Amino acid sequence: MNLHEYQSKELFSHYNIPIPVGFLATTIEQVKNYVDKLNNNAVIKAQIHSGGRGKAGGVKLVSSIDESESFTKSILGKFLITPQTGSKGIKVNKLLVEEATSIDREIYFSIVIDNNDYAPMIICSTEGGMDIEEVSRTMPEKIIKTVCSPILGVSNYKIRKICEELNIPKSLIPNFTEIVNSLYKLFIEKDCILVEINPLVITKEQKVIALDAKINIDDDALFRQKSLKDIEDKSQLEKLEIEANRNDLSYVKLEGGRVGCMVNGAGLAMATMDITKWAGAQPANFLDIGGSATVEKIESAFKIIVSDKDVEVILVNLFAGIARSDVVANGIINAAKETESKIPLVISMRGTNSEEGLKLLNNSNLDITTATDLENAANILKQKLSQGDI
Ligand code: ADP
Ligand code: MG
């Protein structure tokens with residue numbers, strides 16, 4: 001679950017991590033008021049679940065009330081498109097009005113879970129403020145990675161080494177150390193999978209301040225992070241994603257494709273998308289029905305996929321272990337009949353009760369082609385595409 005910048009900064013301030021003075025606004029009047037309060041020297045920032053807002057025109061330094069009014073009019077209630085949002089963009093409902101900070105240096109600082117070492121890892125760089133993926137591509141030597149012990153946390157000697165590599169002035173090392181320790185504490189206590197500050201700045205007045213803040217909470221830990229779950233901004237999610245969350249399904253919309261993918265398990269999702277591309281088409285989405293699925297859950301899954309207007313064919317790839325093929329087949333058949341969907345389906349089903357499942361599908365009188373395995377399914381898909389059936 002993603003938090004907004006203003007929500008992340010609120011958490012930062014609970015952990016004594018310095019942030020600029022700022023106010024959240026939802027109307028033009030509020031923005032003008034706050035800019036006035038900040039002596040006409042403010043930065044207005046679109047609050048959407050995306051980075052790259054600066055380059056996309058979502059962050060604006062203003063030095064007058066008039067300027068703040070015209071910027072707010074141009075952005076509030078509008079869709080902001082960034083390289084991370086897809087072509088539709090995300091609606092801007094809230095703006096953060098902050099004091100303009102005089103920047104001396106911009107540092108990149110984040111904590112993530114390192115899946116190789118099964119431990120938190122600090123990633124930082126002197127090249128802050130810009131796209132970190134770009135830094136990693138063009139100047140990989142500028143990325144500093146420090147794996148922390150899940151038991152001991154982040155040791156002081158590791159922080160000292162980071163300070164050295166980031167060239168933190170001696171006078172700021174105690175300050176910087178405190179920020180790293182607090183951020184690490186927040187990361188652990190709030191079950192984060194990512195805490196990112198880009199940029200963490202050293203101001204002209206020689207203070208260390210978090211100018212941006214991005215926090216991602218582990219969805220599987222939300223049951224014990226109730227206060228965070230309660231502040232989730234659902235307006236930032238796609239309608240179909242909300243519907244999927246409600247039914248305990250994982251749905252991800254993908255740009256530019258026309259094949260809907262229904263799978264069970266993330267690994268199978270990746271294999272299915274690879275094979276879709278191999279067949280010459282792009283996936284429009286993928287929907288993971290998870291391990292144990294009921295008929296009702298499959299029905300909702302099918303309805304979500306057919307609600308995606310980009311979907312012209314559905315590829316179902318099921319490896320039934322705990323889930324039963326006949327249950328999945330019944331769910332698909334019920335939902336296809338109920339929605340009167342004319343979208344053709346290519347279905348590969350293996351594992352528990354697959355024979356019963358395939359029989360149900362083959363006898364359903366729906367536009368379903370069953371496949372013996374994923375390779376066969378891909379060939380059927382390829383054939384359909386080349387014949388122009390889809
Ligand atoms: P994003 O990462 O989405 O582009 P940021 O919050 O990092 O958004 O803002 C982009 C850039 O705008 C920052 O790198 C920084 O240079 C500048 N900026 C952001 N907030 C402030 C602020 N309060 N004062 C001065 N400059 C700011
Ligand atoms: Mg940023």
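Assorted remarks:
- Restricting the range 239-334 to trypsin sites (Lys or Arg not before Pro) that sit in a DSSP loop and have at most 12 other Cβ atoms within 10 Å of their own Cβ leaves LYS309.
- The chain: relative contact order in percent, alpha carbon pairs under 8 Å with at least 6 residues between: 12 percent
- The portion of the accessible surface of the range 239-386 made up by carbon and sulfur, rounded to a whole percent, is 49 (1.4 Å probe; DNA, RNA and ligands excluded).
- Each Lys and Arg contributes +1 and each Asp and Glu -1, all at the Cβ; summed about the Cα centre of the range 132-266, the dipole is approximately 400 debye.
- Potential lengthening between THR372 and ASN39 on full extension [0.36 nm per residue; Cα-Cα distance subtracted]: 112.9 nm
- The largest accessible area among THR294, THR276, THR372, THR85 belongs to the first residue in THR372, THR294, THR85, THR276, and the rest follow in falling order (1.4 Å probe, all chains).
- Cα centroid separation, the range 295-340 to the range 133-210 (Å): 46 Å
- Cα-based shape type of the range 239-386, given that a ≥ b ≥ c are square roots of the gyration tensor eigenvalues and the cut on a/c is 1.5: rounded
- Positive-end extreme of charge dipole, the range 239-386 - chosen from TYR251, ALA284, LEU361 (charges on Cβ): ALA284
- MET139 accessible area, assembled protein chains, probe 1.4 Å, Å²: 50 Å²
- Shape of the range 1-89, Cα gyration tensor, a/c cut at 1.5: oblate
- Residue-count net charge about ASP191 - beta-carbon cut-off 10 Å; Lys, Arg +1, Asp, Glu -1: -2
- Accessible area ranking (1.4 Å probe, heavy atoms, ligands and nucleic acids excluded), largest first, for HIS14, HIS49, HIS4: HIS14, HIS49, HIS4.
- Subset of LYS88/LYS239; LYS55/LYS277; LYS253/LYS297; LYS158/LYS226 violating a 25 Å alpha-carbon distance limit: LYS55/LYS277; LYS158/LYS226
- In a simple Cβ point-charge model (Lys, Arg +1; Asp, Glu -1; nothing else charged), the chain has a dipole of about 420 debye relative to its Cα centre.
- Normalised contact order of the range 14-93, rounded percent, pairs of Cα under 8 Å and 6 or more residues apart: 29 percent
- Remark: spin-label model distance ASP114-TYR15 equals 1.8 nm, labels positioned 7 Å along the Cα→Cβ axis.
- Length released on extending from GLU296 to GLU29, taking residue separation times 0.36 nm less the Cα-Cα span: 91.4 nm
- Equivalent-ellipsoid semi-axes for the chain (Cα gyration tensor, √(5λ), whole Å, largest first): 46, 25, 18.
- Ranking ASP218, ASP274, ASP288, ASP104 from most to least accessible surface, computed with a 1.4 Å probe over the protein chains only, gives ASP274, ASP104, ASP218, ASP288.
- Computed E for ASP230/GLN84 - FRET, C-beta separation, R0 22 angstrom, nearest 0.05: 0.30
- Sparse-neighbourhood loop sites, GluC sites (Glu not before Pro) in the range 319-390 - DSSP loop, at most 13 other Cβ within 10 angstrom: GLU340
- Considering only alpha-carbon pairs that sit under 8 angstrom and 6 or more positions apart, the relative contact order computed for the range 239-386 is 23 percent.
The values are calculated or read from the model by the stated rules, or taken from the named source; none is laboratory data. Since we're looking at a predicted model, the values are computed, not measured. Neighbour counts are summed over all protein chains in view; Cβ atoms, including those assigned to glycine, are modelled from backbone coordinates with ideal geometry. Keep in mind that these areas ignore ligands, DNA and RNA; they rest on the heavy atoms of the full protein, side chains included. Shrake-Rupley method; radii C 1.70, N 1.55, O 1.52, S 1.80 Å.
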